[in-house]
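The values are calculated or read from the model by the stated rules, or taken from the named source; none is laboratory data. Since we're looking at a predicted model, the values are computed, not measured. All Cβ positions, glycine included, derive from the backbone under ideal geometry; neighbour counts span all protein chains shown. The protein model used for the area step is the full one, side chains on, heavy atoms only, and it has no ligands, DNA or RNA in it. Shrake-Rupley method; radii C 1.70, N 1.55, O 1.52, S 1.80 Å.
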Amino acid sequence: MSLNKEKWINVLSLAFGIALLPPIWAVVSPYMGITTGAVALICAGVYVANGNKVRDGLSISIGFLLGDLWAVIALFLMDCINLNPDVELFITLFILGGLAVILASLVPKYIFLPAWLCGWAIGLTIMAPIGIQTIGSLPFEIAGAMIVGVWYVGAGVDKFQKVVASQLLEIDNDKKRKRT
């Protein structure tokens, strides 16, 4: 499959944006006290899968933050129930999963349900092995990485790519005009 010049410019400017901006976050995030920097890449993926819609950035961000909170609540509940761990897990996921769907459906303009569920899974994946007693600032680190994922990696790379591509296309058009 061959791409025309405009498509190549779009592909290469996106590749450059992906190659440049997320690695900057990966290097800088530990210096900011964030040990969960890779979470930003997952969250950016959800943002991009939603079509790079800046107008949905707030509802996606809120969804991720609610998912992070939901993970903390789930860990707390599982710690309090004191039943068989599989039963605790089932009860907690059943109740919180159902509630997330219901609550998000009440205000879909403000809460992007896929981000809530994804954020919940991210939080549980990172915090469950550690346990509720020792999570410390981890929920805040995860939340920070989630916001960076939506706005810096997701929306930022998209904006960067569009600016670079438009500049390169303008340069190409100027060259064509000078030739004629």
Which label marks the calculated value of volume of the Cα convex hull per residue in Å³, given the options (i) 184; (ii) 139; (iii) 151? (ii)
Per the charge dipole of the chain (beta-carbon charges, Lys/Arg positive, Asp/Glu negative, Cα centre), the residue among Val148, Phe160, Asn50 reaching farthest to the positive end is Phe160
What FRET efficiency comes out for the pair Phe90/Lys7, r = Cβ-Cβ distance, R0 = 45 Å, nearest 0.05? 0.40
Enter the accessible area of Asp174 (Å², nearest 10), with the probe set to 1.4 Å and all protein chains included. 60
Quick one: with all protein chains in place, what share of the accessible area of the chain is carbon or sulfur, to the nearest percent (1.4 Å probe)? 71
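Quote the FRET efficiency, to the nearest 0.05, computed for Ile102 versus Asp172 with a Förster distance R0 of 35 Å and r equal to the Cβ-Cβ distance. List each step's numbers first, then the result.
Values: r = 51 Å, r/R0 = 1.47.
Once rounded, the FRET efficiency stands at 0.10.
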What is the sum of charges, Lys and Arg at +1 and Asp and Glu at -1, for the other residues whose Cβ falls under 11 Å from the Cβ of Ser59? +2
Mind giving me the FRET efficiency for Ala121 and Cys80? R0 is 25 Å, r the Cβ-Cβ distance, nearest 0.05 is fine. 0.75
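With a 1.4 Å probe and every protein chain left in place, work out the accessible area per residue of the chain in Å², rounded to a whole number. Could you put the intermediate results ahead of the total?
Numbers: 10350 Å² over 180 residues.
Result: 57 Å² of accessible area for each residue.
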Report the accessible area of Val27, computed with a 1.4 Å probe over the heavy atoms of all protein chains in place, in Å² rounded to the nearest 10. 100
For Lys178, list the lysines whose Cα falls under 28 Å from its own Cα; do not include residues on the same chain fewer than 8 positions away. Lys5, Lys7, Lys162
For the chain, modelled as a Gaussian network with Cα springs under 10 Å, which listed residue fluctuates most, Ala44, Ala100, Ala19? Ala19
